[in-house]
1. Using the heavy atoms of the protein chains and a 1.4 angstrom probe, tell me the accessible area per residue for the range 24-76 in square angstrom.
2. Ignoring any ligand, DNA or RNA, what whole percent of the accessible area of the range 51-96 comes from carbon and sulfur when the probe is 1.4 angstrom?
3. Net charge around Ala28, counting only other residues with Cβ within less than 12 Å of its Cβ (Lys, Arg = +1; Asp, Glu = -1)?
4. Provide the net charge surrounding Ser71, with neighbours chosen by a C-beta distance below 13 Å and charges set as Lys +1, Arg +1, Asp -1, Glu -1.
5. To the nearest Å, what is the center-to-center distance of the range 31-48 and the range 86-103, using C-alpha atoms only?
6. Would you tally the net charge around Arg94, using a Cβ to Cβ cut-off of less than 15 Å, leaving Arg94 out, and scoring K and R as +1, D and E as -1?
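The values are calculated or read from the model by the stated rules, or taken from the named source; none is laboratory data. No experiment lies behind these values; they were computed from the predicted model shown. Ideal geometry is used to build each Cβ from the backbone, glycine not excepted, and the neighbour counts take in all protein chains shown. Just so you know, the surface numbers come from the protein's heavy atoms only, side chains and all, with ligands and any DNA or RNA stripped out. Shrake-Rupley method; radii C 1.70, N 1.55, O 1.52, S 1.80 Å.
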Amino acid sequence: MDSIINKLTEIEDAASAIVAHAEDQKTALDNEYDKKRRDFDAALEADTQARIREIRGKLEKDTSRVLDTQSDENTASIEALRKEYEEKHTEYAREILRRITEV
């Protein structure tokens, strides 16, 4: 009878040791996966930030190019209007006077 109890005790001790070992392995795996997840998240965040910087830089260049083009076009338009005014301001003044005096 004592031998059966001893065997059952040994089996229970072995089972407890197996469970404890499994829990230790589970904890180690949890820690490993947490580290891998944190590393992945950090790498993904770095990649995302790099891509955002790249897109932002391209957008700033494009915006600057568009603004420069518009500025050049506006300057050319203003110069054309000034030239036209210089050439035809007397005509414009006479036309304005004629319209006023017609009424």
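1. Numbers: 4780 Å² over 53 residues.
Here the residues of the range 24-76 average 90 Å² of exposed surface.
2. Numbers: 2350 of 4360 Å².
Roughly 54 percent of what the probe reaches on the range 51-96 is carbon or sulfur.
3. Details: positive: Lys26, Lys35; negative: Glu23, Asp24, Asp30, Glu32, Asp34.
Once positives and negatives cancel, what remains is -3.
4. Values: positive: Arg65; negative: Asp68, Asp72, Glu73, Glu79.
Result for the neighbourhood of Ser71: -3.
5. Measuring centre to centre over Cα atoms gives 76 Å.
6. Values: positive: Lys88, Arg98, Arg99; negative: Glu87, Glu91, Glu95, Glu102.
Computed value for this residue: -1.
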